[in-house]
Amino acid sequence: MHQSTMNRHIQNKWQKMFFLPFIFLLFMLSFISCKKTNNSVSFIALGTSCKISLPVYDSKLQKYVNFIYDEDDRLSYRKENSEIAFINKNAGKAETVVSENTYNLIKRAVNLCYETDGAFNPLLLPVIREWGFDNGEYRVPTDGEIEEALKLTHIEDLVLNDEKKSVFLKKEGMGLDLGGIAKGYVSDELYRMFIEDGIKSGTLNLGGNVFVFGDKDYKVAIQKPYGQRGEYDIVETVKNQAVITSGAYERYFEKDGKTYHHIIDPSTGFPSKIIYNSVTIISNDSTLSDALSTAIFIKGDELISKEKLLHSDIKVVTQ
Ligand code: FAD
Ligand code: MG
């Protein structure tokens, strides 16, 4: 077997072993109507379960699956040779020149950090590492450890150079994590590919980040937080839109009777307080919806009003 194919095989096997228990939880949304003529493929990528349904032959679906695998290799800080891993390794030492797409995504993430008054922050990796959300070795850090880690999360310490397409993290120990935005970005890129390939309708589900497109309305049920898988109270009718949810009930751990979830409030370094059990953003821009669902989960109503003024076409559903 070719080395990279073998690595991917091993990686997929590893991911399946670790993530299968999560798959049912991770499907936050279930379709209750979609075209019967679609062919579907389900697979593990981006650390979660993914599904593509399109009215094309099965053999054509593989191109899009491979695209997602490649994006995973490029954008995951966990992959040793990803562009993000290089940026992180060079923190405090040197700038890293990246591909145009990666550069543009990082720039968008930085802009969304400013737009959300810091609630969406792609530089939380040092804090995330303290909590063990990067590798599953969960622990509750001390206040001192959080304080030190927070010093490495200032967005002004991320330097972008538009001409060179380079990224520089000024301090050693800083780290980029696009986990709160990259699934939305991959979804936008896939949609662009579908349109280029003349595909007129379909659905995508990247770990609960849903995108539907085509002439018809789709009805998308939004998972009831803490309910049974597939249980829902809310059904939204959408067309050519992303339906993206952030919640505290998917990724968390328990210690001494307390629950700690994966969405970190950058102002405290702790899992954010629960204002809503889940926040869903519906818009025609998956990247935006992904970042905003995370940010509004943390900040609640004050940010909802601001973002609605900035983006008149977004819909916010809270539960
Ligand atoms: P969202 O609310 O969209 O994002 C929350 C995530 O963003 C957190 O898990 C954290 O990573 C980060 N975050 C936390 N707080 C903030 C904040 N205030 N601002 C910005 N970001 C924040 N997971 C694995 O366990 N193993 C993997 O191998 C793996 N590979 C991945 C590869 C890629 C390219 C990507 C994009 C993600 C990967 N993940 C992996 C993570 C996983 O699939 C999800 O992205 C993650 O669980 C959160 O997604 P969400 O939609 O549930 O939550
Ligand atoms: Mg998000």
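The values are calculated or read from the model by the stated rules, or taken from the named source; none is laboratory data. Please read all numbers here as calculations on a predicted model, not as lab measurements. Heads up, the Cβs are rebuilt from the backbone with ideal geometry, glycines too, and the neighbour counts pull from every protein chain shown.
Before moving on, here are some points about what is shown:
- The single condition among (1) away from ligand 2 (no atom under 16 Å from the Cβ); (2) touching a residue at least 60 places away in the same chain (Cβ under 8 Å); (3) within 30 Å of ILE199 (Cα to Cα); (4) surrounded by fewer than 20 Cβ atoms within 10 Å (Cβ to Cβ) that SER42 does not meet is (2).
- Filtering ILE244, ILE222, ILE274, ILE234 for residues that are closer than 30 Å to LYS200 by Cβ and surrounded by fewer than 18 Cβ atoms within 10 Å (Cβ to Cβ) leaves a single hit, ILE234.
- Given (1) buried (at least 24 other Cβ atoms within 10 Å of the Cβ); (2) more than 12 Å from ligand 1 (Cβ to nearest atom), index of the condition ASP177 fails: (2)
- Scanning region 147-159 for residues that are loosely packed, with under 15 Cβ neighbours inside 10 Å and touching a strand residue (DSSP E or B) at 6+ places or on another chain (Cβ under 8 Å) turns up just one, VAL159.
- Residue in region 113-146 that is surrounded by the fewest Cβ atoms within 10 Å (Cβ to Cβ), counting only those that are aliphatic (A, V, I, L, M) and closer than 21 Å to TYR77 by Cα: ILE146
- Considering region 212-310, the qualifying strands (runs of 3 or more DSSP E), each wholly inside and each with 3 or more residues that are more than 16 Å from ligand 1 (Cβ to nearest atom) and at pLDDT 95 or above, run over 232-238.
- Tally of residues being among the aromatic types (Phe, Trp, Tyr) and within 16 Å of ligand 2 (Cβ to nearest atom) across region 205-263: 3
- Residue count, region 48-77 (criterion: in contact with a strand residue (DSSP E or B) (Cβ under 7 Å, 6 or more places away or on another chain), in a helix (DSSP H, G or I) and either without any contact (Cβ under 8 Å) to a residue 24 or more places away in the chain or over 24 Å from ALA109 (Cβ atoms) (or both)): 3
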